[in-house]
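*Asks:* Below you will find the structure I want to go over with you.
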Amino acid sequence: MKRSKSGVGIAVACVLVLSTAALAAPMFISIATGGTGGAYFPIGAGLADIINKKLTGYNASAEVTAASKVNCINVNDGKSDLALVLGDTLSYGYKGDKLGGFAKPLANLRVIANIYPNTIQIVARKESGVRTLADLKGKKVSVGAPGSGTEINARQIFAAAGMTYKDFGRTDYLSFSESADQMKNRAIDVTLISSGMPNPGIMDIATSQEVVIVPIPPDVVERLSKEHPFFVATTVPKGMYKGQDEAVRTVGVPNFLIANAKMDEKTAYDITKAMFENLPRLVQAHAAAKGIRLDQATKGLPVPLHPGAEKYYREMKVLK
C-alpha cells in the first residue's frame, strides 16, 4: 500500500514536534533546605527563583527537609540535586564519621560554594530564669530536629560545657518552627537554633514574650574550637532581637551549597554563575544571605569543589 506524500509529511512533522518537545523539556532541580522557620528554606526558594527566571531549560524548587544530615544523604544518593548544609555535618558525611551520625562515607558530595555562617543562638524565655548554660539544668530544652546539624552542634556545645542531655528536665527534638510554637505556648523553656540572623522563629517568639539570648562563655568556646576547629567565635549583635540590649558571645559554623558529583559541569557552572550574579535576590529572601561573598566562596572546603563551580571561580579569578 502506498503512503501518500501528505501522510508522510504529517508523520515527519509529528516526529519533529515530539523531538522538539523532548529537547525543550526542562531539567528539574530539587533544592533541599530545612524547616520553614530557618534561613535555609527562604534562601533555597530564592535560589530556585533565580534559576527559574535567569536560566533557560531548568525548573527548580525548594524542598522542606530536616536539614543538614538528611540533605547530605539525599544529595549523595541522588534524591536531591542541591542542598544547603552545615560545614561540620558535611565534613562528617564525606568522611563517614559515626560520631556525626554517618555509617559510611558519602563520596558523591561536592561543594558549589561556601555561602554564609550559621550562628548558634540559644534562646530562653526570660520568665524561665535561664541566663547561663548552667541554668539549663532541669529545664525543658529543644535541641533541634532529629538528624539536623543544629542537633549535632547542640551535643558538641553542651559537651564542651561539661553537660549532657541528661542534665535537662526534658529534651525535645523539634524543628525551628516547632520550637517557636512550643516556646510561645510555654511548653519548653529553651531552644537552640543554628541559623543565619535574624532568625524568623526567634523574632516570632520575641513578639509574644521576653526572651534572653544565652551566651557561650569564652572558656567553652576555646574548648569547643580545640575539639572541633570548624567552630568560630562570633556574636549576636546588640538589637538583633526585640529586647536584646547588648551583644551576646556565641559561636558560628559556615554553611555550604552542595551538589552531587554526577551533576553535569554545565549545570553546576550555570547555577553558580546565576547565584553570584543575582545575590540581591537572595538577600531579599533572607538577611543571612548578606554573608554570601564571592571572595569567600572557596574558603574552608570540607569536600572537593564541583568542577562546574570551579570553572566559574577560575573565570572570576577567585581561583588561580
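*Asks:* Do the conditions hold for Val130, that is, is it more than 18 Å from the chain's Cα centre (by Cα), assigned to a loop (DSSP other than H, G, I, E, B), within 12 Å of Thr191 (Cβ to Cβ) and in contact (Cβ under 8 Å) with a residue 60 or more places away in the chain?
*Replies:* yes
*Asks:* Sticking with this structure for a sec: So Ala159 ticks every box in (1) under 27 Å from Ala83 (Cβ atoms); (2) surrounded by 19 or more Cβ atoms within 10 Å (Cβ to Cβ); (3) of a type in the set (Gly, Ala, Ser) but one. Which box is left unticked?
*Replies:* Single failed check for Ala159: (2).
*Asks:* Something else about it: Please state which of the following conditions Leu279 fails to meet, knowing it meets all the rest: (1) within 30 Å of Arg131 (Cβ to Cβ); (2) touching a helix residue (DSSP H, G or I) at 6+ places or on another chain (Cβ under 8 Å).
*Replies:* (1)
*Asks:* Something else about it: For region 28-56, how many residues are more than 30 Å from Glu151 (Cα to Cα) and at pLDDT below 95?
*Replies:* Qualifying residue count for the region: 0.
*Asks:* Working only within region 43-77, note down all residues that are of a type in the set (Ser, Thr, Tyr) and either free of Cβ contacts under 8 Å to residues at least 24 places away in the same chain or outside the structural domain of Ala32 (by TED's automatic domain parsing) (or both).
*Replies:* Matches in region 43-77: Thr56 only.
*Asks:* Does at least one position in region 201-224 carry a residue that is in contact with an Asp or Glu (Cβ under 8 Å, 6 or more places away or on another chain), closer than 22 Å to Tyr40 by Cβ and outside any helix (DSSP H, G or I)?
*Replies:* Looking for residues that are in contact with an Asp or Glu (Cβ under 8 Å, 6 or more places away or on another chain), closer than 22 Å to Tyr40 by Cβ and outside any helix (DSSP H, G or I), one finds none in region 201-224, hence no.
*Asks:* Of everything in region 232-267, what is part of a loop (DSSP other than H, G, I, E, B), in contact (Cβ under 8 Å) with a residue 24 or more places away in the chain, among the small types (Gly, Ala, Ser) and closer than 21 Å to Leu192 by Cβ? Give them in sequence order. Steps first, answer last, please.
*Replies:* From region 232-267, those part of a loop (DSSP other than H, G, I, E, B) are 237-247, 261-264; that's our starting set.
With in contact (Cβ under 8 Å) with a residue 24 or more places away in the chain added as a condition, the list becomes 237, 240-244, 261-264.
Next, only the ones that are among the small types (Gly, Ala, Ser) stay: 243, 261.
Across region 232-267, the qualifying residue is only Gly243.
*Asks:* Looking only at region 215-232, filter to residues that are surrounded by fewer than 20 Cβ atoms within 10 Å (Cβ to Cβ) and over 22 Å from Val303 (Cα atoms); which one of those is farthest from the chain's Cα centre (by Cα)?
*Replies:* By that ranking, first place goes to Asp219.
*Asks:* Same structure again: Just to be sure, is His306 within 24 Å of Ile73 (Cβ to Cβ) and touching a residue at least 24 places away in the same chain (Cβ under 8 Å)? Before you say what the answer is, go through the steps one by one.
*Replies:* Details: within 24 Å of Ile73 (Cβ to Cβ): yes; touching a residue at least 24 places away in the same chain (Cβ under 8 Å): yes.
Against the criterion (within 24 Å of Ile73 (Cβ to Cβ) and touching a residue at least 24 places away in the same chain (Cβ under 8 Å)), His306 qualifies.
*Asks:* While we're on this one: Of the residues Lys299, Lys320, which is outside the structural domain of Val85 (by TED's automatic domain parsing), outside any helix (DSSP H, G or I) and either surrounded by fewer than 21 Cβ atoms within 10 Å (Cβ to Cβ) or of a type in the set (Ser, Thr, Tyr) (or both)? Please lay out each step first, then the result.
*Replies:* Values: Lys299 fails: outside the structural domain of Val85 (by TED's automatic domain parsing).
Matching residue, one of Lys299, Lys320: Lys320.
*Asks:* Another one. Regarding region 237-246, can at least one residue be identified that is crowded, with 17+ Cβ neighbours inside 10 Å and within 24 Å of Thr89 (Cα to Cα)?
*Replies:* no
*Asks:* Sticking with this structure for a sec: If you check Gly147 against the conditions, is it assigned by TED's automatic domain parsing to the domain that holds Met203, surrounded by 19 or more Cβ atoms within 10 Å (Cβ to Cβ), under 20 Å from the mean Cα position of the chain (by Cα) and not in a strand (DSSP E or B)?
*Replies:* Taking the combined requirement at face value, the residue satisfies it.
*Asks:* A follow-up question, please. Does Ala83 qualify as being surrounded by 18 or more Cβ atoms within 10 Å (Cβ to Cβ) and over 19 Å from Gln284 (Cα atoms)?
*Replies:* Against the criterion (surrounded by 18 or more Cβ atoms within 10 Å (Cβ to Cβ) and over 19 Å from Gln284 (Cα atoms)), Ala83 qualifies.
*Asks:* Just wondering, is there one or more residues in region 262-284 that are closer than 28 Å to Ile157 by Cβ, among the polar types (S, T, N, Q) and surrounded by 21 or more Cβ atoms within 10 Å (Cβ to Cβ)?
*Replies:* No, there is no match, as no residue in region 262-284 is closer than 28 Å to Ile157 by Cβ, among the polar types (S, T, N, Q) and surrounded by 21 or more Cβ atoms within 10 Å (Cβ to Cβ).
*Asks:* Here's a follow-up. Go through region 85-112 and give me each residue that's touching a strand residue (DSSP E or B) at 6+ places or on another chain (Cβ under 6 Å), farther than 14 Å from Asn153 by Cα and outside any helix (DSSP H, G or I). Give the derivation first.
*Replies:* Looking only at region 85-112, we keep the residues that are touching a strand residue (DSSP E or B) at 6+ places or on another chain (Cβ under 6 Å), and these are 85-88, 90, 94, 108-112.
In the following step, the residues that additionally are farther than 14 Å from Asn153 by Cα were identified as 94, 108-112.
Answer for region 85-112, where residues must be touching a strand residue (DSSP E or B) at 6+ places or on another chain (Cβ under 6 Å), farther than 14 Å from Asn153 by Cα and outside any helix (DSSP H, G or I): Asn108, Leu109, Arg110, Val111, Ile112.
The values are calculated or read from the model by the stated rules, or taken from the named source; none is laboratory data. This is a predicted model, so every value here is computed, not measured. Please note: Cβ atoms are built from the backbone with ideal geometry, for glycine as well, and neighbour counts cover all protein chains shown.
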